[in-house]
Each structure stands twice: as C-alpha cells, then as structure tokens.
Amino acid sequence: MHSKQRKKHSVFYLCCSRKLIMLNFFKFLFSKTFLIQLVLAVVVSVLVVFGAMQWLKETTNHGEFVEVPDLSGKSVMETRTLIEKSGLRFSVLDSANYNPSYPRFSIIDQNPPAGNKVKEGRKIYITVNPSGYKKITIPNIIQVTQRNASSMLKAVGLEIERVTYIDELGKDMVYHIKHNGKYIKPGDKLPKTSKIELVCGNGNISERNQIKADSE
C-alpha cells in the first residue's frame, strides 16, 4: 500500500514539474528578454545576408550588364569615348587588309559584336582600318606571255587596266609595264589592287630592229 502511494506521489510530482516547465517556457516566450533577443537575432541575420549580397555584387558585378556599342566606322578617339562611357575596355588588334568601304583608321571589326550584353569592365577587341593597301612587289613579267603575266599579277593582287601593243617581234610578249602612264619595272612596289598597263609585242618587227637586221 505504501508502494502505491509513493507511485501516486511520483506521478503527481512529475505532472506538476512538467506543468511548471511549460508555464515557465511560455512565460519566457512572452517575456521582454526573449523578445529583445529575437529582434536582435533577426537584425543580425538581415545584416549578414545584406552584407553577403553586397560583397557578391561588388566582386562579380552580379546582374550588372551593359550593351556593347556599335563602333563600326568610328575613329579611335570616338571609340575610346564610347567604350569608357559604357564602362568597358578595349584593345586594338593588328590591322587587317585595307577596306575601302570604311574611312582610314576607322573601326572595321569588333569582338564581341555590337548589341551584345556583357559585364562591366569587359575588354572589347577592335580592328582598325589601315591607311591604305599594303605594298605589293611587281613580279618579273618581262619577256613573259601576256596570259602568264596576267596570272602572275592577279596572284599577287594587282589588276590589269589595259594592254597596248608596239612593234616587236614577240607577239603577245610583255616588253614594258606602266602605272598611271609611267614606266615601272619588276621589283618596284605598288599598293595592292593597283591597275597597271602591259605593253606587249604585236608580232611585227620594229623599224629599229629592221634597220639593225639589214645592216647585219
């Protein structure tokens, strides 16, 4: 009987203890101390998250993109102004072959292309139009047939403006080369795409050569 009473007392004390713990817990939840700690915890969490987002934004330019401006046909000075205004950088590549469709020393190509979205600070690679065509060395086409001479000239980027004939025994053989009405010779240099004139023989012996032949 004493044993049963002890058990009842133990159960009673246990229930009372639990109720007391719950009461203290709820009392703590609504206490001023808990509320202050909760507010502080929320404020600290917000500050930590905000600081992390700012750090990420500053180190990676997260979400900051700019549109690449159209530099086609612009001068180098105009390009510099546009690039710096957009928060970008640029680097000049070796000049390509001269493009007559663009002004000299203007931008003829860019990478990335205009309109692309890139991050701030991105480097834009530009190609500047040279001042003119590069110089081509005239090949030795003297005493070469007109047909072969034409192929040799076209292969190096020169063009034939016209073919004229003189009294020389070698028919269709090249005897002289002209550019803008002036005689030039193999080894001279002309801008690429220059137009030249071939002076070829017509198969007739010249008066000078005829006199020389008669004297012999």
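Read the figures in this text as sums done on the coordinates, not as results from a lab. If you're wondering where the values come from, they're calculated on a predicted model, not measured in any experiment. Every residue, glycine as well, gets a Cβ built from its backbone with ideal geometry; the counts of neighbours run over all protein chains shown.
Summing charges over all other residues whose Cβ lies under 14 Å from the Cβ of VAL156, with Lys and Arg as +1 and Asp and Glu as -1, gives +4. Karplus-derived 3J(HN,Hα) values for the stretch 193-200, using 6.51 cos²θ - 1.76 cosθ + 1.60 with θ = phi - 60°, are 6, 4, 9, 10, 10, 9, 10, 10 Hz; glycine and proline are entered as x.
For the stretch 135-215, the relative contact order comes to 40 percent (Cα pairs under 8 Å, sequence separation of at least 6).
Taking 0.36 nm per residue of separation and subtracting the Cα-Cα distance, full extension of the segment from TYR183 to LEU47 would add 40.6 nm. In order along the stretch 168-182, the phi-based Karplus estimate (6.51 cos²θ - 1.76 cosθ + 1.60, θ = phi - 60°) of 3J(HN,Hα) comes to 9, 5, x, 5, 6, 9, 6, 10, 9, 10, 10, 9, 6, x, 10 Hz; Gly and Pro are listed as x.
Quote the relative contact order of the stretch 65-128 in percent (integer), defining contacts as alpha-carbon pairs under 8 Å separated by 6+ residues. Mind dumping the intermediate values first?
Numbers: 115 pairs, mean separation 32.0, N = 64.
After rounding, I find 50 percent.
As a calculated quantity, the FRET efficiency between LEU40 and VAL118 at R0 = 41 Å, using C-beta atoms, amounts to about 0.45. Residue separation of THR164 and GLU84 scaled by 0.36 nm, minus their Cα-Cα distance, works out to 23.2 nm of gained length.
Here SER72 and LYS135 are evaluated by their C-beta separation; at R0 = 30 Å the FRET efficiency comes out at 0.65.
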